[in-house]
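Read the structure below first, then the notes.
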Amino acid sequence: MSTSRPPNPPDSTNRTLPPRLSKSRIQSGLQCPLRLWYDCYEPQLASAPDESLQFILDRGLKIGELARERYAGGKLIDVSYQETERALEQTQAAIREPFNSALFEPAFQYCGVLARVDVLARQNAEAWDLIEVKSAARVKEAYVRDVAIQQWVLSGAGIRIERSGVLILNTGYVYDGQQYDLQQLFTFHELTEAVRDLQAQIDEHVVTLQAMLRKSDPPEIAPGVQCNDPYECPYLAHCNKDEPCLEHPLSNLPRLHPNKRLMLEEMGVREIGEIPEDFPLKETQARARQCVLSGEDWVSDELAERLRAIAYPVHHLDFEALMPAIPRYAGMRPYENAPFQYSIHREEQDGQITPLAYLCRHRGDPRRELAEQLLSDLGPMGSICVYSSFERTVIARLAEWLPDLREPLLALINRLWDLLPIIRQNYYHPGLAGSFSIKRVLPVLVPELS
Ligand code: SF4
């Protein structure tokens, strides 16, 4: 196994003063010390965030700004992340001001670790609540450490924390189409105890990471399961640049648990074809292994019969939807899908195909317009062929949002015919690379289509 070891950076001797750490840098270092090394000394090796990651980052900023409106009388420390000293000074001045009931983005520093806190809400004259705002809809394990690192810094800097936790989106909140009810849209999850329990560990982590950053050489660490856990590492492309390009890597095995992958890697197994026959695999995984070894696809005896169950005319239906974190139309919850486009290819038994489509071309709520045209385009009979349960979910929600169309919309659900489980249970080809997504399946089965 090759290790990812960068050349020594130009100023890599006698690092008596390690670079300033932050919450994100400590999290980087706990995921992989080499990631932190790169963050501090060679950040140019990171892949630039793609559009979807940038979208997620921008969405987080917007949600953070909206969350501040929950705290009347709060003051924003409006200083960029590059101007640390100014942010620290303004924070100290704002803390002394008793009328500030909350601070947004205050800066604190302790033992070479900097923390900018999303919200610091005043509990009383002496104590504060530390609140991390997340655009997620559920509390993840990594959040506890996020908050614990900040609490470690603030406590070290002399701030008394009464409660700490995360503010996340409440998927039980239903938007009325008027003003957002910010008390309902967000929900606070207290993590005070769990965060307190981690404080001693943070002490140790900071010492270890700072010691690592003082060394003149980067840590020697090979790519492994840590590269995607808990977040995809931005140095993946760099660390893997010398790795041989495997035709059937272990990542191509359907739904392989990280622990099993680790077991295989520790056995020196890199490719699917090298997995020992007696290694415990699930049915689909064993099938994938067999297809790789034989180089042939696998078709179940039941496939033909399953395909015959479809009724003509067949309507091949595909929705596109937006899934805003903050609900956009009345009746919607955070992260709920609202369809704005569909395409239907109506296929007759003689092979004739008629394309039909809807695309919202205005900025208003498209749901009624789309549902009415959908009912007209799908007509009263024939199977509605879909790929995954997504279309079923969208139609079911349309039926709830539009009570007067509820009956005909629910009738569509009875005509749905989902090809995904049929393919998953009855077919495999090494070219699927462990995935049954339409983007994988189509080029394998119908190579003339992109
Ligand atoms: S890609 Fe993997 S090995 Fe390389 S820095 Fe990131 S986590 Fe560490």
Check your understanding: Which is within 16 Å of the ligand (Cβ to nearest atom), open to solvent by 70 Å² or more (accessible area, probe 1.4 Å) and more than 25 Å from the chain's Cα centre (by Cα), of 242, 278?
Key -> 242
Exercise for review: Any residue in the stretch 24-36 that's more than 8 Å from the ligand (Cβ to nearest atom): show its pairings with residues that are hydroxyl-bearing (Ser, Thr, Tyr) and open to solvent by less than 10 Å² (accessible area, probe 1.4 Å) at Cβ separation under 7 Å, as long as the two are six or more apart or on different chains.
Suggested key: 36/28
Review point. Which one is nearest to residue 256 (Cα to Cα), of the residues in the stretch 391-406 that are touching a residue at least 24 places away in the same chain (Cβ under 8 Å) and of a type in the set (Lys, Arg)?
Key: 392
**Study point:** Search result, residues across the stretch 109-127 that are over 29 Å from residue 187 (Cβ atoms) and assigned to a loop (DSSP other than H, G, I, E, B)
**Key:** 111, 112
Review point. How about the stretch 161-235: which helices (runs of 4 or more DSSP H) wholly inside it have at least 1 residues that are open to solvent by 30 Å² or more (accessible area, probe 1.4 Å) and in contact (Cβ under 8 Å) with a residue 60 or more places away in the chain?
Key: 182-185, 199-214
Check your understanding: What's the number of the condition residue 356 fails, among (1) in contact with a His (Cβ under 8 Å, 6 or more places away or on another chain); (2) under 28 Å from residue 303 (Cα atoms)?
Key -> (2)
Check your understanding: Here are some residues: 54, 82. Which one is away from the ligand (no atom under 16 Å from the Cβ), modelled with pLDDT of 85 or more, assigned to a loop (DSSP other than H, G, I, E, B) and more than 23 Å from residue 129 (Cβ to Cβ)?
Key -> 82
Review point. Among the residues of the stretch 379-387, is there at least one that is among the aliphatic types (A, V, I, L, M) and under 26 Å from residue 58 (Cβ atoms)?
Key: no
Exercise for review: Sort out which residues of the stretch 285-295 are surrounded by fewer than 16 Cβ atoms within 10 Å (Cβ to Cβ) and in contact (Cβ under 8 Å) with a residue 12 or more places away in the chain, and write them in order of number.
Suggested key: 293, 295
**Study point:** Of the criteria (1) open to solvent by 70 Å² or more (accessible area, probe 1.4 Å); (2) charged (D, E, K, R); (3) within 29 Å of residue 402 (Cα to Cα), which one residue 347 fails
**Key:** (1)
Point to revise | Any hit, the stretch 63-77, residues being surrounded by fewer than 16 Cβ atoms within 10 Å (Cβ to Cβ), within 16 Å of the ligand (Cβ to nearest atom) and farther than 17 Å from residue 114 by Cα | key: no
Point to revise | From the options 21, 45, residue that is away from the ligand (no atom under 15 Å from the Cβ), farther than 30 Å from residue 267 by Cα and modelled with pLDDT of 95 or more | key: 21
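Restricting attention to the stretch 361-405, report how many residues are part of a helix (DSSP H, G or I) and loosely packed, with under 14 Cβ neighbours inside 10 Å.
Result for the stretch 361-405: 4.
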Check your understanding: Looking at 153, 174, 147, which one is within 30 Å of residue 401 (Cβ to Cβ) and either out of contact with any His (no Cβ under 9 Å at 6 or more places or on another chain) or among the charged types (D, E, K, R) (or both)?
Key -> 174
Practice item. Please indicate, with yes or no, whether at least one residue in the stretch 101-108 is open to solvent by 40 Å² or more (accessible area, probe 1.4 Å), of a type outside the set (S, T, N, Q) and not in a loop (DSSP other than H, G, I, E, B). Key: no
Point to revise | Qualifying residue in the stretch 407-428 (condition: open to solvent by 50 Å² or more (accessible area, probe 1.4 Å), in contact (Cβ under 8 Å) with a residue 60 or more places away in the chain and more than 16 Å from residue 367 (Cα to Cα)) | key: yes
Study note, to complete from the structure: Selection from the stretch 296-317 of residues open to solvent by less than 70 Å² (accessible area, probe 1.4 Å), within 30 Å of residue 373 (Cα to Cα) and not small (Gly, Ala, Ser) yields 310, 313, 314, 315, 316, 317
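The values are calculated or read from the model by the stated rules, or taken from the named source; none is laboratory data. Please read all numbers here as calculations on a predicted model, not as lab measurements. Note that each Cβ is placed from the backbone with ideal geometry, even for glycine, and that neighbours are counted across all protein chains shown. SASA here: full protein model, heavy atoms, side chains in, ligands and nucleic acids out. Shrake-Rupley method; radii C 1.70, N 1.55, O 1.52, S 1.80 Å.
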